[in-house]
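*Asks:* Handing you a structure now.
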Amino acid sequence: MSDFNVSYVANLARIKLGEDEAARFQGQLDSILDYIRQLESVNVDGIEPTAHAAPVFDVMREDVARPGFTADEALLNAPGRAGDQIRVPKVIE
């Protein structure tokens, strides 16, 4: 039994899946989760946690504005709009 239902996750992401797609993706997700469960059994005692596999130092770049979307272009695909902001459904009661 899977910990995650692909159809439920697809609904949250607003992705419409057919029955055959949901079955295929459910199998793939289950395989990924099984692999992660295998990784959980690896003994990592004495291994220092790291953010990167290799040391990373001074990875900074100058913050320079680049040309991009206008506000109107960025809001074209928004599910809803309130002025120049994206309107989203309320998620906290």
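Derivation of every value follows stated rules applied to the coordinates shown; laboratory data play no part. Remember, it's a predicted structure, so these values are computed and weren't measured experimentally. Reconstructed Cβ throughout: ideal geometry from the backbone, glycine too, with neighbour counts over all protein chains shown.
*Asks:* Nearest 500 deg cm²/dmol is fine: what mean residue ellipticity at 222 nm does the chain get from its DSSP H runs of n ≥ 4 alone, each adding -39,500 (n - 2.57), divided by its residue count?
*Replies:* My calculation for the chain gives -10500 deg cm²/dmol from helical runs alone.
*Asks:* Now, a different point. Distances over 22 Å make up what percent of all Cα-Cα pairs in the chain?
*Replies:* Tail fraction, whole percent: 66.
*Asks:* Loop-only check: which chymotrypsin sites (Phe, Trp or Tyr not before Pro) in the stretch 5-92 are DSSP coil with at most 15 other Cβ within 10 angstrom?
*Replies:* Working: sites: 8, 25, 35, 57, 69; in loops: 57, 69.
Those satisfying the criteria are 57, 69.
*Asks:* With the dipole of the chain worked out from charges on the C-beta (+1 for Lys and Arg, -1 for Asp and Glu) around the Cα centre, which of 32, 5, 57 lies farthest toward the positive end?
*Replies:* 5
*Asks:* Per-residue HN-Hα couplings for the stretch 56-70, Karplus 6.51 cos²θ - 1.76 cosθ + 1.60 at θ = phi - 60°, whole Hz, x for Gly and Pro?
*Replies:* Per-residue couplings from phi come out as 10, 10, 6, 8, 10, 9, 5, 7, 10, 5, 10, x, x, 6, 7 Hz.
*Asks:* Also, quick follow-up: Work out from phi, with θ = phi - 60° and the Karplus expression 6.51 cos²θ - 1.76 cosθ + 1.60, the ³J(HN,Hα) of each residue of the stretch 35-45, listed in order in whole Hz, and give x for Gly and Pro.
*Replies:* In residue order, the calculated couplings are 5, 5, 4, 5, 5, 5, 7, 6, 6, 10, 4 Hz.
*Asks:* Relative to the Cα centre, what is the charge dipole magnitude of the stretch 1-83, using +1 at the beta carbon of each Lys and Arg, -1 at the beta carbon of each Asp and Glu, and rounding to the nearest 20 debye? Don't skip to the end; give the middle numbers.
*Replies:* Working: 7 positive and 14 negative charges, 77 e Å.
The calculated dipole for the stretch 1-83 is roughly 380 debye.
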